[in-house]
Amino acid sequence: MSLVYVINADFANPNGTVYVIDNKTNNIIANIQMIGNPLFIAMAPQCQYAYVVNQIPTANGNIAVIDTKTHAIISTIQVGLVDDTGITSATNIIVSNDGQFVYVLNLDNNDMSVIDTKTNAIIATVQVGMGPSNLAFSSYGQYVYVSNTIESTITVIDTKMHRAVSTVQVGDFPFSFVITPDGQSIYIANVNGNSVSTIDTRRNQLIATIPVGTAPAAVSVTANGRYVYVANANSDTVSVIDTMKNQVVSTIETGTFPFGLAILP
């Protein structure tokens, strides 16, 4: 059975829900009550568990672990701290390729929680930069990369030691980023810098800063790694970067405020 999980953050109420849809019938087959409002979700590689980040006003957030066979919450893990608005700072989440660990960014803590999926317990807390927003694995999962918007850096984390091994300075307010299929380069959209930074992952060094449109908000790479496409939200364009030259080779006009993009293989 193939299922779709939909997180419903009902901010008018203290608790949201997760709907489970059978995509053969398009019927809702489960309605799972959360403790807090769900904002992010990640699936284990074998799809046996779903991990949901819930934010709770005036309290620490949590990760709800859902058994996808029974649609029941089997564990709740406390993460993040409450910020001065009364909202927990837990933000983004990913699961390791082997399913052994879950990584959760805590925005106001400026750190990342590492959860062991066997025990559903936090086994490490890794300090990252200020304003962590997005994270992704290297091609073989040996590193996690975190974009830190406030201090304009990328933190490189060793997934075996669960500690930061490098920090790379990039452009102003790095938000979205993409790793090339060969794993050798990272392209980071710098929203306030109107540029894309390129990092060589073998040396963890900045190798290029490429001017693009205004407020680049999203990046994606072609399957062969030859081109990176950049959605420029405030200039209503998409920039096309040749990764061999690290230069913009085309600019395409789009609709108003292009904020995301995806590339078919």
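The values are calculated or read from the model by the stated rules, or taken from the named source; none is laboratory data. No experiment lies behind these values; they were computed from the predicted model shown. In this analysis, Cβ positions are derived from the backbone assuming ideal geometry, glycine residues included, and neighbour counts consider all displayed protein chains.
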> Which of the residues belonging to the range 17-54 are outside any loop (DSSP other than H, G, I, E, B), touching a residue at least 40 places away in the same chain (Cβ under 8 Å) and under 20 Å from the mean Cα position of the chain (by Cα)?
Replying inline: 18, 39, 40, 41, 42, 43, 49, 50, 51, 52, 53
>> I need a count of the residues in the range 4-16 that are modelled with pLDDT under 95 and either in a strand (DSSP E or B) or among the charged types (D, E, K, R) (or both).
In response: 1
> If residue 262 satisfies every condition in (1) touching a residue at least 40 places away in the same chain (Cβ under 8 Å); (2) closer than 17 Å to residue 191 by Cα; (3) in a loop (DSSP other than H, G, I, E, B) but one, which is the exception?
Replying inline: (2)
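Looking only at the range 55-68, count how many residues are free of Cβ contacts under 8 Å to residues at least 24 places away in the same chain and surrounded by 22 or more Cβ atoms within 10 Å (Cβ to Cβ). Even if it seems obvious, please write down each step before you answer.
To start, the set of residues in the range 55-68 that are free of Cβ contacts under 8 Å to residues at least 24 places away in the same chain comprises 67.
Checking which are surrounded by 22 or more Cβ atoms within 10 Å (Cβ to Cβ) leaves us with none.
Total satisfying the criteria: 0.
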> If you check 233, 223, 208, which single one turns out to be under 20 Å from residue 138 (Cβ atoms) and in contact with a Pro (Cβ under 9 Å, 6 or more places away or on another chain)?
Replying inline: 223
> Residues in the range 104-114: is at least one surrounded by fewer than 16 Cβ atoms within 10 Å (Cβ to Cβ) and not hydrophobic (A, V, I, L, M, F, W, C)?
Replying inline: no
>> Looking only at the range 130-150, how many residues end up being more than 11 Å from the chain's Cα centre (by Cα) and farther than 14 Å from residue 109 by Cα?
In response: 6
>> Can you find a residue that is buried (at least 17 other Cβ atoms within 10 Å of the Cβ) and over 18 Å from the mean Cα position of the chain (by Cα) anywhere in the range 173-192?
In response: no
>> Under 6 Å between Cβ atoms, which residue pairs at least 6 apart in sequence (or on different chains) link something in the range 153-181 that is at positive phi with a partner that is in a loop (DSSP other than H, G, I, E, B)?
In response: 173/149; 173/191; 173/192
>> Going through 145, 103 one at a time, which residue ends up being touching a strand residue (DSSP E or B) at 6+ places or on another chain (Cβ under 8 Å) and closer than 22 Å to residue 35 by Cβ?
In response: 103
>> Among the listed residues 222, 155, 149, 159, identify the single one that is hydroxyl-bearing (Ser, Thr, Tyr), touching a Phe, Trp or Tyr at 6+ places or on another chain (Cβ under 9 Å) and closer than 22 Å to residue 245 by Cα.
In response: 222
> Given the conditions (1) of a type outside the set (Asp, Glu); (2) touching a residue at least 24 places away in the same chain (Cβ under 8 Å); (3) farther than 26 Å from residue 178 by Cβ, and given that residue 118 satisfies all but one, which numbered condition is not satisfied?
Replying inline: (2)
